[in-house]
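Visitor: Structure in structure tokens, see below.
The values are calculated or read from the model by the stated rules, or taken from the named source; none is laboratory data. Bear in mind the structure is a predicted one, so any value in this text is a computation, not a measurement. Ideal geometry is used to build each Cβ from the backbone, glycine not excepted, and the neighbour counts take in all protein chains shown. The accessibility values were calculated without ligands, DNA or RNA, using every heavy atom of the protein model including side chains. Shrake-Rupley method; radii C 1.70, N 1.55, O 1.52, S 1.80 Å.
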Amino acid sequence: MIENPQIPTGRFAPSPSGRMHLGNVYAALLAWLSARSRGGRVVMRVEDLDPRAKSGPWTELLMDDLRWLGLLWDGEAVYQHDRLDLYEEAVCRLRERGLTYPCFCTRAELHAASAPHASDGTPLYPGTCRGLSPDQVAERSAGRPPAWRLRVPEPGDPAGAYAFTDRTFGAHRQELATACGDFLVRRSDGVFAYQLAVVVDDAEMGVTEVVRGRDLLDSVPRQLYLQDLLGLAHPAYAHVPLLTAPDGRRLSKRDRDLDMGELRARFGTAERLLGHLAFAAGLAPAADPVSAERLADGFNWDLVRAHREDIVPAPAARSPR
Ligand code: GLU
């Protein structure tokens, strides 16, 4: 159901694990500006793959906060928990081609292995279950259900080396075998892996550009590899510098100090908040109140590239209204 590949299509893909903080707002703002400044559209996907994330109050708040900011999306939001058939079908296609295998390693075993960790904290998978015989698989399956991993090409095989250019951070190259090894497409509790779902969804939703936090930059080669295996187009990628709190810590949804509840109370209007953020991030010459629409007029990625170091948002001096 790809609509018109000529129309730039960005997306919001929030995980409903907490209220948005200023860093999430920054990433959402750039996703919106990038598409809208070129007459494109923005679609909304709630990333609630993990059933533990499903029940909280966060989805409504995320959407309310985006609407308050004037960052509106096109069409109805989709929810990953409604799309399990699509992920199942993709995993089946990979499995039929012999590209996946069951893995019985426990989390403790994976972390105990001395292999280096990918920068997102995923241990490099040493291939423990890669060569299990059918008998071994049958025997181990009796104990616990397996996770499913995707084979990546051997070290040195050019098919497993991905080079791409991020709109913000420039040229990147990663060899899957040495960066992450065979990676999960489905967990042992049946939950589909983020990497698989995001690739299936971005393609199915007609997304042409992925704009998100820099912490996901290292995921791009895994996503490009999956797109190639599943015959899907590669979107453009733009990662967004992370914001740090004034004391240097990376913002987290668990910290309440720069979350949208606090920010809405502190700034009073979306225009004031966006003015502050746009100035801190180099998108505007001063911190004057500004709407998202107005920012879209002068937006281009050079402004973001010029400020690609992590950005510290100054504590707001304004009193609540
Ligand atoms: N759901 C992820 C998050 O909220 C974003 C994933 C993505 O943009 O690919 O951090």
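Visitor: Take the residues in the range 80-110 that are open to solvent by 70 Å² or more (accessible area, probe 1.4 Å) and hydrophobic (A, V, I, L, M, F, W, C); name whichever of them is nearest to Gly190 (Cα to Cα).
Guide: Leu84
Visitor: Moving on. Tell me which residues, restricted to the range 190-201, are open to solvent by 20 Å² or more (accessible area, probe 1.4 Å) and aromatic (Phe, Trp, Tyr).
Guide: Tyr194
Visitor: Exactly one of (1) surrounded by fewer than 23 Cβ atoms within 10 Å (Cβ to Cβ); (2) more than 9 Å from the ligand (Cβ to nearest atom) is unmet by Ser15. Its number?
Guide: It fails just one condition, (2).
Visitor: For the condition among the aliphatic types (A, V, I, L, M), within 15 Å of the ligand (Cβ to nearest atom) and touching a residue at least 24 places away in the same chain (Cβ under 8 Å), what is the one hit in Leu230, Leu217, Leu184?
Guide: On the way: Leu230 fails: within 15 Å of the ligand (Cβ to nearest atom); Leu184 fails: within 15 Å of the ligand (Cβ to nearest atom).
Step by step, each of Leu230, Leu217, Leu184 is checked, and only Leu217 is among the aliphatic types (A, V, I, L, M), within 15 Å of the ligand (Cβ to nearest atom) and touching a residue at least 24 places away in the same chain (Cβ under 8 Å).
Visitor: On to the next question. Looking at (1) surrounded by fewer than 19 Cβ atoms within 10 Å (Cβ to Cβ); (2) at positive phi, which is the one condition that is false for Pro134?
Guide: Evaluating Pro134 over (1) surrounded by fewer than 19 Cβ atoms within 10 Å (Cβ to Cβ); (2) at positive phi leaves (2) as the failure.
Visitor: Check off (1) within 15 Å of the ligand (Cβ to nearest atom); (2) modelled with pLDDT of 95 or more; (3) within 25 Å of Pro8 (Cα to Cα) for Ala193 and give me the number that stays unchecked.
Guide: Result: Ala193 fails condition (3) only.
Visitor: Something else now. Would you confirm whether or not the range 236-249 contains a residue that is surrounded by fewer than 21 Cβ atoms within 10 Å (Cβ to Cβ), touching a residue at least 12 places away in the same chain (Cβ under 8 Å), farther than 16 Å from Leu49 by Cβ and hydroxyl-bearing (Ser, Thr, Tyr)?
Guide: Within the range 236-249, one or more residues are surrounded by fewer than 21 Cβ atoms within 10 Å (Cβ to Cβ), touching a residue at least 12 places away in the same chain (Cβ under 8 Å), farther than 16 Å from Leu49 by Cβ and hydroxyl-bearing (Ser, Thr, Tyr).
Visitor: Mind checking whether some residue in the range 271-287 is part of a strand (DSSP E or B), open to solvent by less than 10 Å² (accessible area, probe 1.4 Å) and either touching a strand residue (DSSP E or B) at 6+ places or on another chain (Cβ under 6 Å) or away from the ligand (no atom under 13 Å from the Cβ) (or both)? Break it down into steps so the answer makes sense when it comes.
Guide: Pass one, the range 271-287, residues part of a strand (DSSP E or B): none.
No, the range 271-287 contains no residue that is part of a strand (DSSP E or B), open to solvent by less than 10 Å² (accessible area, probe 1.4 Å) and either touching a strand residue (DSSP E or B) at 6+ places or on another chain (Cβ under 6 Å) or away from the ligand (no atom under 13 Å from the Cβ) (or both).
Visitor: Could you list, in sequence order, the residues of the range 176-189 that are open to solvent by 40 Å² or more (accessible area, probe 1.4 Å) and closer than 15 Å to Glu154 by Cβ?
Guide: So the first thing to find is which residues in the range 176-189 are open to solvent by 40 Å² or more (accessible area, probe 1.4 Å), and the list is 178, 184, 186-189.
Listed by number, the list holds a single entry, Thr178.
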